[in-house]
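Below is one structure; the comments refer to it alone.
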Amino acid sequence: MSAETILETRGLTKEFKGFVAVNNVDLKVRRGDIHALIGPNGAGKTTFFNLLTKFLPPTRGTITYLGTDITHEKPAQTARRGIVRSFQISAVFPHLTALENVRAALQRNLGTSFHFWKPESSLHHLHERAEQLLAAVDLQDFGKELTVNLPYGRKRALELATTMALEPDLMLLDEPTQGMGHEDVHRVTELIKKVSVGRTILMVEHNMGVVSSIADRITVLQRGAIIADGPYAEVSANPQVIEAYMGSADVALQGAH
């Protein structure tokens, strides 16, 4: 029996004045998978994410979530369904502590974000959940630290915690390890694996080592179209994929673990 499809696109296409950025993409994301979307620079990955989260309207095609057509919904409607995107920009307040950032995200999820004028004591019920979320991303010792002072990799971990505070059903991670050193890449990769339990993740990622170690399924885009889709072993051996990545300095398909 096949796993449930949580998100599906059919014929999804985006054209900009004659340039086809996303070309007739049929994609299925199964519940519980870590699904990676990869491809050379300019392959259409970010545009595809922008279509999913409604920052852009498609030229043609449909987006279905849990069997409901959400193609023409507004971004807020889609977010309320539990599709939450993280990492495309730093989504945290630099001059709040790590704990305050997670608590602010919890308030947003409860619809109490306009209660900032309430006394601090009234927020204590969110305190415990915020601490649990910090612990989930190994930031339990950084709760009182101002976010601006956190190292880069820890900031990304905090963004993961604030995303989880919104209780997403489907997490869209936009290049979660971009700009990180080796140690941070490893840590954030392990965190993604950890927080994926009981969730579905669709991620755009350049680092093939990350993709090969955690992705259940990989879709490869080139010039806006899918050229391969399947598990890593199958995709990495695909001649079209190897050719697409030849000469790309930031990706080594061979020997990535």
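The numbered conditions (1) more than 19 Å from the chain's Cα centre (by Cα); (2) in contact (Cβ under 8 Å) with a residue 24 or more places away in the chain are all true for Ser86 except (1).
Of everything in segment 32-76 that is in a helix (DSSP H, G or I) and among the hydrophobic types (A, V, I, L, M, F, W, C), the residue that is modelled with the lowest pLDDT is Ala76.
Among the residues making up segment 154-196, those that are among the acidic types (Asp, Glu) and over 14 Å from Leu134 (Cβ atoms) are Glu167, Asp169, Asp174, Glu175, Glu183, Asp184, Glu190. Restricting attention to segment 1-20, the residues that are surrounded by fewer than 22 Cβ atoms within 10 Å (Cβ to Cβ) and outside any loop (DSSP other than H, G, I, E, B) total 9.
Checked against (1) farther than 15 Å from Leu166 by Cα; (2) part of a helix (DSSP H, G or I); (3) modelled with pLDDT of 90 or more, Ala130 passes all but condition (1).
The values are calculated or read from the model by the stated rules, or taken from the named source; none is laboratory data. Just so we're clear, the structure is a prediction, and the values are computed from it rather than from any experiment. Cβ sites come from the backbone with ideal geometry, for glycine too, and all protein chains shown count toward neighbours.
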